[in-house]
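Asker: Right, I'll just put the structure down here and ask away after.
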Amino acid sequence: MITIGGSIGTALFVTIGTGLTHGGPGSLLLGFILYSCFLGLVNNCMAEMSVFMPVSGGFVRMGNKWVDEAFGFMIGWNFFIYEAVLIPWEITALNLVLKFWRADIPLAAVCAGCIVLYGIINLFAVKWYGESEFWLAGGKVILIILLFCFTFITMVGGNPKHDAYGFRYWRNPGPFAEYITTGDLGRYHGFLAALWKAAFTIVGPEYIAMLAGEAAHPRINLKRAYKTIYLRFGLFFIGGALACGIVIPYNDENLVSVLSSDGGNTAASSPYVIAMQNLGIDVLPHVVNALMVTSIFSAGNSYVYAASRTLYSLSLEGHAPKFLRKSTKNGVPIWCFCITMTFPLLSFLAIGTSSGQVITWLANLTESSQIINYICMCIIYLFWYRALKAQNVDRRTLPYFGWAQPYCAWAGLVAMSLTVFFYGYETFLTGEWNTGTFFSYYLMCFVCPIWYVGWKVVKNTKIVKAEEADLIWERPIIDAYEASISGTHKSVWEELREIRGLKKRKTAEDHL
């Protein structure tokens with residue numbers, strides 16, 4: 001359930017409207033399909049490594065072990081900053097959603113409330129985090145299914161206006177919008193804008209990798225989780241892009257107006273909510289908005305968990321102070337958690353400025369970090385693949401065998417490199433230059449190389465040779481754990497029934 005819903009948040013339900021207005025429904029759908037393919041390449045790489053070596057810290061520690069210690073330092077801090085900054089981004093977005101009901105809700109109270117709740121949930125053992133994410137992710141699944149049903153029923157005439165609009169908006173105003181300029185060039189700009197929106201919306205493999213060290217039956221469940229990602233790409237993200245382009249035209253006056261006013265002052269900036277209001281549907285927008293609240297809260301909750309565990313893995317590898325290794329009796333890295341919880345305080349910035357401006361700035365700042373993570377995953381895989389060949393390890397004997405390797409890794413590396421390189425191209429167009437905007441897009445592209453070179457110079461690290469790469473690492477511990485529990489493994493449906501109390505859990509005495 002965490003795999004299905006843990007990384008779905010604001011972008012798919014609210015800010016996806018920006019991609020629709022800039023690119024049109026055709027560009028939005030094509031952009032989501034193309035980027036899903038890009039990220040599928042990365043997922044194929046990460047799945048093979050993570051199932052083989054499900055260590056705490058995931059790809060962060062793999063980069064340190066199989067590429068270069070300086071590389072692990074760089075990718076670890078990049079991922080931590082990315083996750084930590086997204087926490088206030090989600091809190092600020094939650095404020096927009098809540099204002100759908102009342103415009104006078106105090107932003108400071110929303111920020112403080114989220115911080116307290118994130119603290120309570122994440123201070124308990126991982127099982128409580130998992131339990132909360134089970135229900136919150138379930139709410140996201142319900143929301144997505146609800147929106148798909150709304151799209152289908154209303155497009156065939158099941159709405160108060162009895163208007164069977166079908167794919168009308170694909171014909172008028174058309175599938176492709178003009179952005180920045182006119183004509184074919186304008187439509188191409190629109191497609192790129194939709195592709196960049198997809199790049200910010202679609203995520204996945206990094207979160208499973210961070211959960212690997214605390215998952216039960218890791219090699220069985222991680223394999224299942226990584227395979228689920230492809231289904232999520234197709235059903236949730238691509239399906240969401242298609243539905244968004246069906247229910248509302250890209251030039252809808254309400255949508256354009258609310259997005260042009262600093263990103264919108266309420267959750268009415270969601271294209272789905274606007275479409276419901278256009279059709280005269282009264283109750284459903286409130287239901288959708290309530291589920292959006294849980295979805296956005298869940299995303300922030302996931303970022304708190306991932307950021308604290310990333311900082312913990314950095315400490316384990318000697319890339320952060322040793323005192324950060326201290327954990328509570330429930331296994332929570334307490335000092336890592338405390339440092340992570342300082343970042344949500346950035347959400348209070350929205351009190352003195354527009355919420356929409358804060359969201360845009362934070363989103364752009366973290367976007368390059370996210371894509372850099374995927375680039376690093378491909379690089380780690382190529383080094384790992386090289387080490388397997390040098391040490392005569394047959395990949396077909398691995399717990400998970402990725403397809404079309406290493407060509408898949410090379411394709412993913414090129415695709416993600418081009419994405420991060422051109423992501424902020426608009427700032428270079430005539431009359432569009434803005435120094436602040438430029439650094440919001442490319443800041444981490446400059447910071448990461450500095451981190452890498454700086455740590456390499458200070459610590460005099462060496463690139464790991466293929467024949468010296470440690471492919472044993474934590475395998476004995478993982479193998480012993482897998483062997484000790486292999487006989488009691490349950491299917492996902494049996495586990496769900498037990499978790500929900502529909503089936504009695506067997507105790508150790510029952511097994512004996």
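The values are calculated or read from the model by the stated rules, or taken from the named source; none is laboratory data. Bear in mind that the values here come from a model prediction, so they are computed numbers and not experimental data. No Cβ is skipped: glycine too gets one built from the backbone with ideal geometry, and neighbour counts run over all protein chains shown. We work out accessible area using only protein heavy atoms, side chains counted, and drop any ligands, DNA or RNA first. Shrake-Rupley method; radii C 1.70, N 1.55, O 1.52, S 1.80 Å.
Asker: Check S327: other-chain or 5+ apart residues with amide H under 5 Å from its amide H, H built from backbone geometry?
Answerer: I334
Asker: Return a whole-number percent for the relative contact order of the chain, with Cα pairs under 8 Å and 6 or more residues apart as the contact set. Walk me through the intermediate numbers first.
Answerer: Values: 786 pairs, mean separation 160.0, N = 512.
It comes to 31 percent, rounded to a whole number.
Asker: Sticking with this one: Sort E206, E426, E253, E468 from largest to smallest accessible area, using a 1.4 Å probe on the heavy atoms of the protein chains.
Answerer: Ranked from most to least accessible, the order is E253, E468, E426, E206.
Asker: Next question, about the same structure. Need one number: convex hull volume per residue for the stretch 75-172, Cα atoms only, in Å³.
Answerer: Dividing the Cα hull volume of the stretch 75-172 by its residues yields 183 Å³.
Asker: Next question, about the same structure. Over what distance in Å are the Cα centres of the stretch 32-50 and the stretch 268-291 separated?
Answerer: So the separation of the two Cα centres works out to 33 Å.
Asker: If T340, T182 are ordered by their accessible area, calculated over protein heavy atoms with a 1.4 Å probe, which sequence runs from highest to lowest?
Answerer: The ranking, largest first, comes out as T182, T340.
Asker: Okay, moving on. Assuming a viscosity of 1.306 mPa s and a temperature of 10 °C, what translational diffusion coefficient in µm² per second does Stokes-Einstein assign to the stretch 283-426, Rh being the Kirkwood radius over Cα pairs?
Answerer: Numbers: Rh = 19.2 Å.
Roughly 83 µm²/s, to the nearest whole number.
Asker: Right, next: Could you tell me the relative contact order of the stretch 59-210? Use alpha-carbon pairs under 8 Å, at least six residues apart, and round to a whole percent.
Answerer: With pairs under 8 Å counted, the relative contact order is 10 percent.
Asker: Follow-up question, since we're still on this one. So who's got an amide H within less than 5 Å of the one on D68, skipping anything under 5 residues away but keeping other chains? H placed 1.01 Å off N, in plane.
Answerer: V464
Asker: Around W170, under 15 Å between beta carbons, what's the net of Lys plus Arg minus Asp minus Glu among the other residues?
Answerer: Computed value for this residue: +2.
Asker: Hey, can you grab everything whose amide H is under 5 Å from the amide H of E178? Only 5+ residues off in sequence or another chain; H modelled, so Pro and N-termini drop out.
Answerer: Those qualifying (amide H under 5 Å, at least 5 residues apart or on another chain) number zero.
Asker: Simple spin-label model, 7 Å along Cα-to-Cβ: A404 to L235 in nm?
Answerer: 2.3
Asker: Still on this model: Step through the table entries K99/K197; K322/K456; K326/K462; K389/K462, compare each Cα-Cα distance with 27 Å, and write down the pairs that go over it.
Answerer: Violating the 27 Å Cα-Cα cut-off are K326/K462.
Asker: Over the chain, how many percent of alpha carbon pairs lie in each 20 Å bin up to the one with the longest distance?
Answerer: Reading the bins upward from 0: 22, 56, 21, 1.
Asker: Further, regarding this structure: If Rh is defined by the Kirkwood formula over all Cα pairs and Rg also comes from Cα, what ratio Rg/Rh do you get for the stretch 177-227?
Answerer: Taking Rh as the inverse mean 1/r over Cα pairs, Rg/Rh reads 1.39.
Asker: Of D104, D394, D252, which has the most accessible area and how do the rest follow, probe 1.4 Å?
Answerer: Accessible-area ranking of D104, D394, D252, largest first: D104, D394, D252.
Asker: Here's a follow-up. What's the angle, to the nearest 10 degrees (0 to 90), between helix 107-123's Cα axis and the longest principal axis of the chain?
Answerer: The angle comes out near 30 degrees.
Asker: To the nearest 10 Å², what's F383's accessible area with a 1.4 Å probe?
Answerer: Accessible area of F383: about 50 Å².
Asker: Spelling out what I want: for every residue of the stretch 174-181, take phi, set θ = phi - 60°, compute 6.51 cos²θ - 1.76 cosθ + 1.60 (Karplus), and round to whole Hz; glycine and proline get x.
Answerer: In residue order, the calculated couplings are x, x, 10, 9, 9, 9, 6, 9 Hz.
Asker: What do you get for the angle between helix 284-316 and the principal long axis of the chain? Use alpha-carbon atoms, 0 to 90 degrees, nearest ten.
Answerer: Approximately 30 degrees, to the nearest 10.
Asker: So how tilted is helix 69-98 from the main axis of the chain? Cα-based, degrees 0 to 90, rounded to 10.
Answerer: Once rounded, the angle reads 30 degrees.
Asker: Each residue of the stretch 185-197 in order: what ³J(HN,Hα) in whole Hz does its phi give by Karplus 6.51 cos²θ - 1.76 cosθ + 1.60, θ = phi - 60°, with x for Gly and Pro?
Answerer: 5, x, 5, 5, 4, x, 4, 5, 4, 5, 5, 5, 5
Asker: Between L471 and N172, what FRET efficiency comes out of the Förster formula 1/(1 + (r/R0)^6) with R0 = 45 Å and r the beta carbon distance, rounded to 0.05?
Answerer: It comes to 0.15.
Asker: HN-Hα J couplings of the stretch 229-235 from phi, Karplus 6.51/-1.76/1.60, θ = phi - 60°, integer Hz, Gly and Pro as x?
Answerer: With coefficients 6.51, -1.76 and 1.60, one gets 4, 4, 5, 5, 4, x, 7 Hz.
Asker: Residue separation times 0.36 nm, minus the C-alpha to C-alpha distance between K227 and A164: what's the value?
Answerer: Full extension from K227 to A164 adds 19.0 nm.
Asker: Would you tell me the accessible area of E178, worked out with a 1.4 angstrom probe on the heavy atoms of the protein chains, in Å² to the nearest 10?
Answerer: Spelled out: E178, probe radius 1.4 Å, area about 90 Å².
Asker: Placing +1 on the Cβ of each Lys and Arg and -1 on the Cβ of each Asp and Glu in the chain, which of P205, G58, L231 has its Cα farthest towards the positive end of the resulting dipole?
Answerer: Farthest along the dipole direction, towards plus: G58.
Asker: Assuming 0.36 nm per residue, please report the length gained on full extension of the stretch S417 to S257 beyond their Cα-Cα distance.
Answerer: Working: separation 160, 0.36 × 160 = 57.60 nm, distance 3.41 nm.
Going from the current span to full extension adds 54.2 nm.
Asker: Right, next: How much of T328 can a 1.4 Å solvent probe reach, expressed as accessible area in Å² and rounded to 10?
Answerer: About 50 Å², rounded to the nearest 10.
Asker: Would you calculate the separation in nanometres between label points at T342 and K389, each defined as 7 Å from the Cα along the Cα-to-beta-carbon direction?
Answerer: So the label points at T342 and K389 sit 4.5 nm apart.
Asker: Under a point-charge model restricted to the Cβ atoms of Lys and Arg (+1) and Asp and Glu (-1), what is the dipole moment magnitude of the chain relative to its Cα centre, in debye to the nearest 20?
Answerer: In debye, rounded to 20, the chain gives about 1080.
Asker: Then there's this: So how far apart, in nm, are the two label points at W433 and D184 if each is 7 Å from Cα heading toward Cβ?
Answerer: About 3.0 nm separates the two model spin labels.
Asker: Shape call for the stretch 383-431 from the C-alpha gyration tensor, a ≥ b ≥ c root eigenvalues: rounded (a/c under 1.5), prolate (a/b greater than b/c) or oblate?
Answerer: It is prolate, given that a/c is not under 1.5 and a/b is the larger ratio.
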